[in-house]
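Before any comments, here is the structure.
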Amino acid sequence: MKSQDIFISISEYLQLVEAEINTQADLIVKSWTQNGNQGVHIDRVVHHLIDKPGKMLRPALVLLSAGMAGWDPAGEAKELNSSLVKLAAAVELIHSASLIHDDIIDDEQMRRGQSALHRKHGNQTAVLVGDILYAQSFSLITSLKLPSWDRHLAIYQLYCDTTRDMCLGEIIEQRAIDENLSLEFSDYLNILKNKTAVLMSACCHSGAILAGADADTAQHLADFGLAFGLAFQLLDDHKDKDALIKGDMNIVEKALQQLSRARTILGKMTDSSYRDELIRACDFVLSAVGVTQT
Ligand code: FPP
Ligand code: MG
């Protein structure tokens, strides 16, 4: 199931986000062909993952958090609406770049029901496609048209910090795997925080900043995203029987605790359809791995 089917209040915007991602992939190809170069191979490698969209959870977090912070699609200036779509597309591009690189690191065979990019086109090409998508996402963030430089710079800085932390998380995870380390739960959770949860937190935080949230609201949404992201990765690791999980870690219970924290944060915030849909996102990550909450 995709976000468009779950998050009704933003389904139209999620379609715009998908279209924007495609536009960005086409722009990458055009930057090559406009100089008279043959573009078939570049088109194939750049579109390989983009043409198979995932659940689009991260763009949904950006849009719903903007809604929580007062974004009203009908009432806003067109420029702000289109900047929000661009921001949501940029985070999905960052996510796509990170998956391409992660699949090389993990030497994964498949991604989204097809060969992982590096399996089809080689590690060298896959590293570079990830780099291009990553660069394009920052180009999109640069192009946002926001009411103030402060908001723009805050979002830019947030994604610089976030992508740095994601890489650090992956490095520490790799060391634990290579050296067959037996991690304490707190060290394991710290890896999940960096490689996954900080991006989900940034999605919520940046959506709120873009919509002009006050500092408290922005922080609540960042905290929600962090707890949500931890629960998401814990459940994903539980599903994949991740090598770093030890028998006594009670992963599902720990994920439920994070989801409970996420729901508590939302419970303190103003009631709205956006809030209902963020709560639904919590149910969605549980159902995606077949866990039922008693
Ligand atoms: C999936 O983990 C991987 C991530 C959540 C993050 C990967 C991050 C990087 C490679 C560093 C950042 C890179 C860029 C370009 C920003 P997993 O292997 O547990 O999940 P999986 O089962 O989906 O592979
Ligand atoms: Mg992986």
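The numbers here are math on the coordinates, done by the rules we state, and not lab data. Predicted, not measured: the structure shown is a model, and the values here were computed from it. Because the Cβ atoms are built from the backbone with ideal geometry, glycine has one as well, and the counts that use them run over all protein chains shown.
Things to note:
- Residue exposure sequence - GLU12, GLU277 - by fewest surrounding Cβ within 10 Å: GLU12, GLU277
- The chain: most fluctuating residue of ASN22, ASN180, ASN81 per GNM, C-alpha cutoff 10 Å: ASN180
- Seen from GLY39, the other residues with C-beta closer than 13 Å to its C-beta sum to a net charge of 0, counting Lys and Arg as +1 and Asp and Glu as -1.
- Cα centroid of segment 223-294 to Cα centroid of segment 119-158, whole Å: 27
- In sequence order, segment 24-30 has phi-based couplings of 5, 4, 5, 5, 4, 5, 4 Hz under the Karplus curve 6.51 cos²θ - 1.76 cosθ + 1.60, θ = phi - 60°, and Gly or Pro positions carry x.
- Amide proton proximity set for ARG111, modelled H, under 5 Å, gap of 5+: ALA116
- From least to most packed, judged by other beta carbons within 10 angstrom and beginning with the fewest, MET68, MET269 follow the order MET269, MET68.
- Straight-distance candidates among the aspartates and glutamates for linking to LYS239, with alpha-carbon spacing under 15 Å and chain neighbours fewer than 8 residues away dropped: GLU253.
- Backbone phi angles across segment 264-279, fed through the Karplus curve with coefficients 6.51, -1.76 and 1.60 (θ = phi - 60°), yield HN-Hα couplings of 4, 4, 5, x, 8, 9, 5, 5, 6, 5, 5, 5, 4, 6, 5, 5 Hz in residue order; Gly and Pro are listed as x.
- Take 190-197, 243-250 and order them by the average number of nearby Cβ atoms within 10 Å per residue, most first; the result is 190-197, 243-250.
- Among residues other than LEU14 with Cβ under 12 Å from its Cβ, the summed charge is -3 (Lys and Arg +1, Asp and Glu -1).
- Segment 1-71 shape via C-alpha gyration tensor axes, a/c threshold 1.5: prolate
- HN-Hα J in Hz across segment 37-42 - Karplus 6.51, -1.76, 1.60, θ = phi - 60°, x for Gly and Pro: 7, 6, x, 4, 5, 4
- Net charge contributed by nearby residues that have their C-beta within less than 11 Å of ARG275 (K/R +1, D/E -1): 0
- Under 16 Å from LYS86, Cα to Cα: lysines that are on another chain or at least 8 residues apart: LYS78, LYS145
- Cβ-based exposure ranking for THR142, THR217, in which fewest neighbours within 10 Å come first: THR142, THR217
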